[in-house]
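> Here it is: the structure, laid out below.
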Amino acid sequence: MTGDGDICEDDRDNPTLRCRVPTATPLTPVLDWLTRRFTYLTAAAWRDAIANGRVRRNDAVAQLQDVVGGGDLVSVRTAPDELHVEILFEDERCVVVDKPAGSVVHAASAFTGRTFLRGLAARVGVAELHCVHRLDRDTSGALLLAKDAATMADLQAQFATRAVTKSYLALTHGAWERDAVRVDAPLGPAAGSRVRTRRAVVAPGGRGAQPASTDFAVLLRAAHHTLVLATPHTGRTHQIRAHLEHLGHALVGDKLYGRSDEAHLADLDALRRGASPWAASTGCPHHLLHAAALTFTPPGAGGPRTVRAPLPEHFAAFLAQLRPDPGPPVQGRDS
């Protein structure tokens with residue numbers, strides 16, 4: 001079960017994904033449904049998949065003019081490297097890729113496990129890749145993957161001892177009063193929230209409380225937004241997003257934080273009915289958080305290495321429309 005309510009099954013020995021359309025979904029063109037439900041591929045890519053006969057509706061090859069509705073079974077024969085992920089660094093034991101916004105890489109998503117990790121594993125010539133850490137679905141940028149279990153253990157030990165440094169670019173709402181802020185505030189389940197995954201700052205020693213620390217530095221100020229550099233010192237779920245909400249400066253485009261449960265759940269309900277609510281309700285289809293740099297020590301290497309991921313087009317375009325000429329960096333900060 002994905003977070004949005006689709007039932008997906010993936011046969012590890014057969015590169016076909018089968019998704020049951022939620023029962024409340026009205027009749028929708030198959031291209032529109034695929035594009036709205038799986039935003040990590042463009043409409044053009046889905047159009048090609050349909051045109052090439054890789055999509056089936058129930059027992060028949062889907063055509064562009066076909067519609068799907070509640071209860072239909074949509075099958076997709078996946079391609080080896082659907083996302084065309086850019087490799088930023090690779091050696092014989094690990095690889096760093098530039099994860100696109102909208103893609104899921106952990107085991108809960110059968111579909112993207114096929115198109116992202118499995119396709120990438122085939123591309124680099126290994127049977128399986130292991131995620132050393134996670135990035136949220138809508139977060140883009142540098143993602144570290146291990147090619148074998150021993151490397152996975154080595155790299156995870158580096159994370160556990162805080163020998164790995166991660167830097168994120170985050171575009172936030174509002175004007176920050178200070179150029180630099182450190183948030184040392186434990187995170188845990190948000191009390192009273194109807195959204196199971198929501199995290200919030202909680203009292204130390206409270207239910208589920210985990211220590212969490214993040215540094216924020218202002219890079220660029222616009223009329224109603226601020227671009228900041230976020231450096232997390234712990235790796236809690238939704239850490240940067242929850243700390244930004246705590247500061248009163250939620251991410252631009254965040255579907256959960258900086259919004260009420262009711263708004264978030266209403267958008268999920270609209271999504272299940274076949275709508276595409278995010279761009280209208282949050283300002284953009286993906287939240288603007290990008291893992292811009294990752295410093296780690298490749299196993300067997302002589303020392304640490306920093307890998308940088310370029311700012312994705314959707315982030316750069318949103319930033320440019322706020323302030324096409326970014327001007328000089330904030331005094332004392334290197335942007």
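What follows is calculated from the coordinates using simple rules that are stated; it is not laboratory data. As the structure is a prediction and not an experimental result, all values here were calculated from the model. Neighbour counts are summed over all protein chains in view; Cβ atoms, including those assigned to glycine, are modelled from backbone coordinates with ideal geometry.
> With 10 angstrom as the radius, rank 167, 213, 103, 260 by how many other C-beta atoms surround their C-beta, starting from the fewest.
260, 213, 167, 103
> Can you run phi through the Karplus equation (6.51, -1.76, 1.60; θ = phi - 60°) for the range 178-189 and list ³J(HN,Hα) in whole Hz, with x for Gly and Pro?
10, 7, 9, 9, 10, 10, 10, 8, x, 10, x, x
> Further, regarding this structure: Under unit Cβ charges (Lys, Arg +1; Asp, Glu -1), what dipole magnitude, rounded to 20 debye, does the range 86-322 have relative to its Cα centre?
Here the size comes out at about 440 debye.
> Follow-up question, since we're still on this one. What do you get for trypsin sites (Lys or Arg not before Pro) in the range 140-235 restricted to DSSP loop and a cutoff of at most 12 other Cβ within 10 Å of the site's Cβ?
Sites meeting the loop and neighbour criteria: 162, 178, 194, 196, 207.
> Over the range 86-322, one equal point on each Cα, no solvent: what is log10 I(q)/I(0) by the Debye formula at q = 0.10, 0.16, 0.17, 0.18 Å⁻¹?
For the range 86-322 at q = 0.10, 0.16, 0.17, 0.18 Å⁻¹, log10 I(q)/I(0) is -0.49, -1.26, -1.39, -1.50.
> Another question, then. Tally Lys and Arg at +1 and Asp and Glu at -1 over the other residues with C-beta under 9 Å from the C-beta of residue 121: what net charge comes out?
Its environment carries a net charge of +2.
> Let me ask something else. Return the long-range amide H neighbours of residue 62 (sequence gap of 5 or more, or a different chain), with a cut-off of under 5 Å between placed amide H atoms.
Under 5 Å from the amide H of residue 62: 55, 56, 57.
> Let me ask something else. Provide the descending list of Cα extents for the range 133-236 along its principal axes, expressed in whole angstroms.
48, 33, 24
> Please report the net charge: other residues with Cβ closer than 13 Å to the Cβ of residue 310, K and R +1, D and E -1.
Summing Lys and Arg as +1 and Asp and Glu as -1 gives -1.
> Something else: Step through the residues of the range 250-258 one at a time and calculate ³J(HN,Hα) from phi using the Karplus curve (6.51 cos²θ - 1.76 cosθ + 1.60, θ = phi - 60°), rounding each to whole Hz and writing x for Gly and Pro.
5, 4, 5, x, 5, 7, 10, 7, x
> Tell me the Rg and the Dmax, in Å, that the Cα atoms of the range 222-273 produce.
13.1, 40
> To continue, here is another question. If amide H atoms are built 1.01 Å from N in the plane of the peptide, which residues on other chains or at least 5 residues away come under 5 Å of the amide H of residue 70?
Amide H neighbours of residue 70, under 5 Å, 5+ apart: 25.
> Got a sec to turn the phi values of the range 22-31 into Karplus ³J(HN,Hα) couplings, 6.51 cos²θ - 1.76 cosθ + 1.60 with θ = phi - 60°, whole Hz, x for Gly and Pro?
x, 4, 7, 6, x, 4, 9, x, 4, 5
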